[in-house]
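So the structure is just underneath, and the comments pick up after that.
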Amino acid sequence: MNFPLAAFRLGNQLGSIFTPERTVKKAGTLFLTPKRYDIKNWEVQAEKNGQRFNINENISAIRWRSHQQDEKTNPKQILLVHGWESRATQMYGVAQQLLTTGFDVVAIDMPAHGHSNGHTSNPHMFAQTIQLAQQQLGEFEAIVGHSMGAGATAIAVGRGVSTKKMVLISGPSSIENVLRRFAGFIGLNKNGANKFVTFISKFVGSTPQELDTQILLKDSTIPTLIIHDEQDVEVPASESKRLASVLKNGQLFLTNNLGHRKILKSAEILQRIVSFIK
């Protein structure tokens, strides 16, 4: 048994009863504050192979250029969007495969992640950053998102970001489901979970319904490939099935035993993504 986690959950269960406002505020701070992890050795090479630049004073990005494309003013490009507590260079394995399509690949460090500034972040800010990237860099041939990056991509496109294709990997479709799973994981009771959803909504400035991709994309005709592993314990596959059920031009591909992160390293998955974008 994980005793520290059990004690933490018990504290939140009791706090939900006796000090709900204080307990929910602490839970909100925990949810909204991503951890930054040390860069891995293979990411150092990813940095060397790319060109780091700033989209604005707070947001950093990296571009990997395709050898099949001359350096032009407006090269064709694909956007990669990483997940929660990840960063742009951790999408490099995907980027390497996508360079074979002949397009440049751009990956953004989301707010409070990687080289970008900030201490807190959330799906709404992720989506706003995707919108900012299009405003500054132009249209993308495709946007590929993983985990929270997939959810944010769907939100951004639902709000008007233009792209010819989308690939959504292991992403949530309902932010409310994300919030309630988190609340349950840390031990909040039903009343505490309801207050937690309200707290996050006020902090973010958007209701869960306004960030629900099933609602935002119900009229979308953009070709969309959705990939999810049936054994994903971080974001259940039911989230992707939920979104796929309303898409007019979507494909759902389910895997087994790849989990939430190994799915990005699967040769079969990478080839499927490349083929879809080509």
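Where a number appears in this text, it was derived from the coordinates with a stated rule and is not lab data. Here the structure is a predicted model, which means the values were calculated and not measured. For neighbour counting, all protein chains shown are included, and Cβ atoms are generated from backbone atoms with ideal geometry for every residue, glycine included.
Just a few scattered comments:
- Sorted by Cβ density within 10 Å, fewest first, the residues HIS260, HIS119: HIS119, HIS260
- Bridge orientation summary for the chain: considering DSSP beta bridges with both residues in this region, about 25 percent are antiparallel.
- Bridge type composition, segment 29-177 - antiparallel percent by DSSP, nearest 5: 35 percent
- Exposure proxy ranking for LEU30, LEU217, LEU225, LEU98, based on other Cβ atoms within 10 angstrom of each Cβ and starting from the fewest, stands as LEU30, LEU225, LEU217, LEU98.
- The separation of segment 252-278 from segment 181-219, counted between C-alpha centres, amounts to 28 Å.
- Around GLU176: net Lys/Arg minus Asp/Glu count, Cβ-Cβ under 15 Å: +3
- Using 0.36 nm per residue and subtracting the Cα-Cα separation, the extra length available between LEU254 and VAL233 on full extension is 6.1 nm.
- Per residue of the chain, the DSSP helices (runs of n ≥ 4 H) give a summed -39500 (n - 2.57) that works out to -13000 deg cm²/dmol at 222 nm.
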